[in-house]
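Structure record follows, encoded as structure tokens.
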Amino acid sequence: EQGNAKGQNNLGTMYDNGHGVPQDYKEAGRWYRLSAEQGYAEAQYNLGVLYYRGRGVLQDHEEAAKWWKLAAEQKLEIAQFNLEMMHGNSLN
């Protein structure tokens, strides 16, 4: 709550996976977004995953790509990979 992006992402991950707290994708998304909006690449990636899968948010592949692109620009390899896969799938 004090604005620590890494801590916010970690709390989001706890809610995402149900570690130490009840699993709650909507709450995970809230924490990921707080962190992602501060530019934390891992949170941007994680928020993108929620949008891609429609967990706690409406499924929105464009929104997922937006967050993955931000993370990819920071050299987060899994985000780069997911973007490549997403673009490859849309061409088929």
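General remarks:
- Residue selected from region 47-92 under the condition surrounded by 17 or more Cβ atoms within 10 Å (Cβ to Cβ) and β-branched (Val, Ile, Thr), by the criterion farthest from the chain's Cα centre (by Cα): Val57
- Out of Ala5, Ala43, sole residue that is among the hydrophobic types (A, V, I, L, M, F, W, C) and either within 10 Å of the chain's Cα centre (by Cα) or under 23 Å from Met85 (Cα atoms) (or both): Ala43
- Checking each residue in region 15-43 for being surrounded by 15 or more Cβ atoms within 10 Å (Cβ to Cβ) and either basic (Lys, Arg) or without any contact (Cβ under 8 Å) to a residue 12 or more places away in the chain (or both) picks out Arg30, Arg33.
Quick note: the coordinates plus some simple rules give every number you see, no bench work behind them. All figures in this text were calculated on a predicted structure; none of them were measured in a lab. Here the Cβ is made from the backbone with ideal geometry for all residues, glycine too, and neighbour counts use every protein chain on show.
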